[in-house]
């Protein structure tokens with residue numbers, strides 16, 4: 001999710017995939033691009049993705065954007081990738097725990113490259129801008145746990161007039177109450193990240209697929225930044241199957257403005273995702289595949305209640 005409060009503009013919220021009902025469930029959201037015209041002139045981003053799945057003994061949420069560019073109060077913040085993940089889980093004794101992480105690539109604030117440590121709540125102050133990277137907050141008490149992870153939280157203030165802007169990009173939230181373990185609702189896979197495209201450029205993707213209450217569920221967005229690379233926005237899911245750690249998704253899509261179809265194969269080969277794989281075949285003959293250079297593929301199996 002993206003949320004922005006800027007002086008003189010209405011609050012902007014883009015990409016909500018939640019909250020879920022207490023009984024669990026699955027929600028997803030995707031956009032190929034966000035333009036400045038849709039965000040009051042402050043934000044543009046590509047391959048916008050959010051997904052939340054809660055069933056059995058866990059709930060998980062993830063959010064990601066690529067090629068983010070933020071312009072507030074005369075300040076510019078750019079990032080190649082901003083993603084976050086949050087998970088809350090029950091153990092076999094009714095106890096609860098929560099964890100989260102973020103992945104940030106190519107962060108630049110007012111022309112200054114920022115080194116990302118990977119630690120929670122890394123804070124940088126540059127030219128009066130407060131930037132919190134991998135912001136994490138939450139609580140655990142008995143059989144309940146919750147966590148919110150923001151890949152990037154930017155606040156801009158004027159020492160005389162106060163806060164000018166408060167912007168959160170790629171926010172994920174997960175919570176669970178173990179005494180109210182939710183029933184399984186289906187088999188799902190979600191993920192976002194990038195691979196090296198066939199021309200050697202970065203190819204960003206966001207994908208979701210599954211069976212929800214007997215119906216097909218999911219989305220696809222994909223941009224190959226290499227020479228001649230396509231822009232793809234899924235328009236429907238037509239097939240979903242798989243075994244083990246692999247899943248196959250088929251669907252209809254808009255490919256560079258023309259109708260077509262896609263087939264995606266993904267594999268969740270462990271955390272944090274560097275051994276995960278993504279493969280795409282389009283009806284126009286384009287293909288791309290490889291291990292993830294960043295991001296994560298996450299299977300959401302029908303985990304039983306403890």
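No value in this document is a laboratory result; all are computed from the given coordinates. This is a predicted model, so every value here is computed, not measured. Note that each Cβ is placed from the backbone with ideal geometry, even for glycine, and that neighbours are counted across all protein chains shown.
Of note:
- Where the alpha-carbon atoms of region 1-133 are placed on the principal axes, they occupy 52, 31, 25 Å, in descending order.
- Computed over the chain with a Gaussian network model linking Cα atoms closer than 10 Å, the most mobile of 26, 61, 98 is 98.
- In this calculation the C-beta distance from residue 22 to residue 246 is compared with R0 = 41 Å, giving a FRET efficiency of 0.80.
- Extended-chain gain in nm, criterion 0.36 nm per residue less alpha-carbon gap, residue 271 and residue 284: 1.4 nm
- The distance separating the Cα centre of region 187-240 from that of region 131-149 comes to 29 Å.
- Inter-label distance for residue 113 and residue 199, nm, one decimal - labels placed 7 Å from Cα along Cα-to-Cβ: 2.4 nm
- For a modelled paramagnetic label at residue 238, 7 Å from Cα along Cα-to-Cβ, the residues of region 261-282 in reach, with backbone nitrogen under 19 Å, are 261-266, 279-282.
- Residues 27, 281, arranged from fewest to most other Cβ atoms within 10 angstrom of their Cβ, appear as 281, 27.
- Here the mean projected area of the convex hull built on the C-alpha positions of region 186-300 is 6.2 nm².
- With a Förster radius of 45 Å applied to the beta-carbon distance between residue 227 and residue 93, the computed FRET efficiency rounds to 0.20.
- Considered as an equivalent ellipsoid built on the Cα gyration tensor, the chain has semi-axes of 29, 26, 16 Å, the largest given first.
- Residues 264, 168, 14, sorted so that the one with the fewest Cβ neighbours within 10 Å comes first: 14, 168, 264
- Centre-to-centre, using Cα atoms only, region 11-59 and region 61-84 are separated by 14 Å.
- Peptide packing: for 109-115, 135-141, the average count of neighbouring Cβ atoms within 10 Å per residue gives the ranking 135-141, 109-115, highest mean first.
- Proxy reagent accessibility, fewest Cβ within 10 Å first, across 34, 169: 34, 169
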